[in-house]
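Take a look at the structure below.
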Amino acid sequence: VVADDRLIERSKYYCKSEVLAQAQKEMVNYKSTGVSVMELSHRSSDFTKILTGAENNLRKLLNIPNNYKVIFLQGGGTGQFSALPLNLLALKPSMSADYVVTGSWSAKAAQEAAKYGKVNLVLPKTKKYTDIPDPSTWTLNPEASYLYYCANETIHGVEFQHIPEFCGVPLIADMSSNILTRDIDVSKFGAIFAGAQKNIGCAGVTLVIIREDLIGKALPICPIIFDFQVQVGNNSLYNTPPTYSIYIMGLVFEWILEQGGVAKMEEWAIKKSSAVYDVIDSSNGFYVCPLDKGCRSRMNIPFRIGSAQGDEALEKKFIQEAENAKLISLKGHRNVKRSVS
Ligand code: PMP
């Protein structure tokens, strides 16, 4: 591993030290309460301030219009793969939803939705996941209850650079791994969701931002904790929310605002990812990124070493030497055999 200066510079772009240092400082005595956030009742005024503060800061960061609700849920991104169809399929008599499958996370979402209604796969079925076919080739259903896509496929590295066009059908986006790293116009979406653990904190809390007119049509079989109307009506406190994860998320939002907001995160994401893509593209085929340049993720960069299929021995060596240089967790996802990302 050649430790490139541009990559070493990355440490500047981490909120880790500041947010964790603050959490450490407040760990056993949160704002002179004498207890930690973990011990606060979720109905106490101190926790209410944390919850409201997090929501207000998110609204500022994404410029969320007033006709959108913000819900803090549990169950992760995978929970939303079920919650969304359970809440939204009945928006239209078709009970059918369009899914744009560009990687394994949207594939899983489509598979889950098919348990509750009809799923129309908008793109031809493939396991390749290296590009986004031109929207003129998509088979959209104007009667669909919603159109679903994953804004950034965390395993395959396919990221939409633009919000897809749609014909009045509510657009639903999984932004688990790129939320707050690019400026988006929330009013173009029916709903956006994101698990916290990639960009905005620690595992446990999942954000849902949803246009209010889409709430209230949950199927009778929808579990109550996933019923958006129930959760909105209870300010995300129908049951005990993941209080500590919400607190950490709130600290991350404050930190992002202090740095200059989403525009700053976007600038850094471009800088960091370009540094890696530059090394890949100028390596004469030693590093191979299979993705079409128009959909390369700024968040997660899958690549192989030695050839397009990857040279097992070289990849093992790379991971070992990377670890020696304190570049950890570079080994790719188990679903993409042995790749590094
Ligand atoms: N969507 C995306 C884009 C993801 O990256 C992940 C996993 N990290 C999920 C959904 C599933 O999230 P979870 O593990 O929180 O269920």
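Values in this text are rule-based calculations from the coordinates and carry no lab data. Note that the structure is a prediction, hence the values are computed from the model and not measured. Methodologically, a virtual Cβ is constructed for each residue, glycine included, from the backbone with ideal geometry; neighbour enumeration extends over all protein chains shown.
Tell me, what is the percent relative contact order of segment 96-212, built from C-alpha pairs under 8 Å that lie six or more residues apart?
Numbers: 208 pairs, mean separation 25.3, N = 117.
Once normalised by length, the contact order is 22 percent.
Provide the FRET efficiency to the nearest 0.05 for the S17-I221 pair, computing r from the beta carbons and using R0 = 30 Å.
Values: r = 45 Å, r/R0 = 1.51.
The pair S17/I221 has a calculated efficiency of 0.10.
Could you list E159, E258 in order of exposure, starting from the residue whose Cβ has the fewest other Cβ atoms within 10 Å? Provide the component values of the computation, followed by the final result.
On the way: E159 27, E258 11.
Neighbour counts put them in this order, fewest first: E258, E159.
Using label points projected 7 Å from each Cα along Cα→Cβ, tell me how many nm separate L330 and E26, to one decimal.
My value for the distance between the label points is 3.6 nm.
Hey, got the dipole for the chain? About the Cα centre, +1 on K and R Cβ, -1 on D and E Cβ, debye to the nearest 20? Numbers along the way, then the final one.
Values: 37 positive and 34 negative charges, 104 e Å.
Dipole of the chain, to the nearest 20 debye: 500 debye.
Provide the gained length on full extension for the span S282 to N56, in nm with one decimal, where the gain is 0.36 nm per separating residue minus the Cα-Cα distance. Numbers along the way, then the final one.
Numbers: separation 226, 0.36 × 226 = 81.36 nm, distance 4.37 nm.
So the chain would gain 77.0 nm between S282 and N56.
Taking the Cα centre of segment 35-98 as the origin, how large is its charge dipole in debye, to the nearest 20, when only Lys and Arg (+1) and Asp and Glu (-1) carry charge on their Cβ atoms? Don't jump to the answer; show the numbers that get you there.
Numbers: 6 positive and 4 negative charges, 41 e Å.
That gives segment 35-98 a dipole magnitude of about 200 debye.
When the chain is modelled as a GNM with alpha-carbon springs shorter than 10 Å, which of K60, K326, K127 fluctuates the most?
Between K60, K326, K127, it is K326 that shows the largest mean-square fluctuation.
Once fully extended, how much extra length lies between H42 and A203, figured as 0.36 nm per residue of separation less the alpha-carbon to alpha-carbon distance?
Numbers: separation 161, 0.36 × 161 = 57.96 nm, distance 1.79 nm.
Result for the pair: 56.2 nm of gain on full extension.
Work out Dmax and Rg for the chain from the C-alpha atoms and quote the Rg first, both in angstrom.
20.8, 60
Taking the simple approach of a point 7 Å from Cα along Cα-to-Cβ for both K264 and T33, what is their distance in nm?
Using points 7 Å along Cα→Cβ, the separation is 2.7 nm.
Which of the three applies to segment 252-341, rounded, prolate or oblate, going by the alpha-carbon gyration tensor with a ≥ b ≥ c and a/c under 1.5 meaning rounded? Write out the running numbers ahead of the final one.
Values: a/c = 2.33, a/b = 1.72, b/c = 1.35.
Prolate, because a/c is 1.5 or more and a/b exceeds b/c.
What is the extension gain from K108 to N63, computed as 0.36 nm multiplied by their sequence separation minus the C-alpha to C-alpha distance, in nm to one decimal? Show your work: numbers first, answer last.
On the way: separation 45, 0.36 × 45 = 16.20 nm, distance 2.98 nm.
Extra length from K108 to N63 when fully extended: 13.2 nm.
Which residue, N141, N87, N178, tops the fluctuation ranking in a GNM of the chain built on C-alpha contacts under 10 Å?
Of N141, N87, N178, the most mobile in the Gaussian network model is N141.
Indicate, rounded to the nearest 5 percent, the antiparallel portion of the DSSP beta bridges found entirely in the chain. Could the numbers behind the result be given before it?
On the way: 17 of 32 bridges.
Bridges in the chain that DSSP calls antiparallel: roughly 55 percent.
Helix-only estimate, please: 222 nm mean residue ellipticity of the chain, summing -39500 (n - 2.57) across DSSP H runs of length 4 or more and dividing by its residues, to the nearest 500.
Working: 9 runs with 113 residues, N = 341.
-10500 deg cm²/dmol, from helical runs alone.
What whole-number distance in Å separates the alpha-carbon centres of segment 74-152 and segment 199-221?
16 Å
Between Y148 and residues 5 or more places away or on another chain, which pairs have amide H atoms under 5 Å apart, with H built 1.01 Å from N, and which residues are they?
Under 5 Å from the amide H of Y148: D98, Y99, V100, I172.
In sequence order, what are the phi-derived ³J(HN,Hα) couplings for segment 282-292 according to the Karplus relation 6.51 cos²θ - 1.76 cosθ + 1.60 with θ = phi - 60°, rounded to whole Hz, with x for glycine and proline?
Here the 3J(HN,Hα) series is 9, 9, 6, x, 5, 9, 10, 9, x, 7, 4 Hz.
Give the residues of segment 213-251 whose amide nitrogen is closer than 15 Å to a point set 7 Å from the Cα of M95 in the direction of its Cβ.
Those under the cut-off are 218-222.
Quick one: of K127/K271; K128/K317; K293/K317; K128/K293; K264/K331; K69/K188, which pairs are farther than 23 Å apart, Cα to Cα?
Values: K127/K271 30 Å; K128/K317 26 Å; K293/K317 27 Å; K128/K293 15 Å; K264/K331 28 Å; K69/K188 14 Å.
The pairs that break the limit, which is 23 Å between Cα atoms, are K127/K271; K128/K317; K293/K317; K264/K331.
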